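Note sheet for the following structure.
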Amino acid sequence: MYEDLPATNPFFLRQEVKIMPGRKHLKGVSSKEQRQYEHIKESAQKSGRYGKRAKEVAARTVMKHHKEEGHAKGH
């Protein structure tokens, strides 16, 4: 897509963002907390513990710990 654009022109330089397929990023959390979310979600889905609510439970758990650490949402 951008192969023919000059690499030296700052207007055309862009930062590559790698997103794992099938992964949804939780807003307002660090990459470490994102990994915790994925781990909790996958464990809950594998065990069948929360049924269809695995994603919700994982997100709520990570956000709870995020707030306990004294972080404001988005920081």
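The values are calculated or read from the model by the stated rules, or taken from the named source; none is laboratory data. None of the values given here were measured: they were computed from a predicted structure.
Miscellaneous remarks
- Residues of the stretch 37-75 that are part of a helix (DSSP H, G or I) and among the acidic types (Asp, Glu): Glu38, Glu42, Glu56, Glu68.
- Count of residues meeting criterion [at pLDDT below 55 and of a type in the set (S, T, N, Q)] in the stretch 10-47: 1
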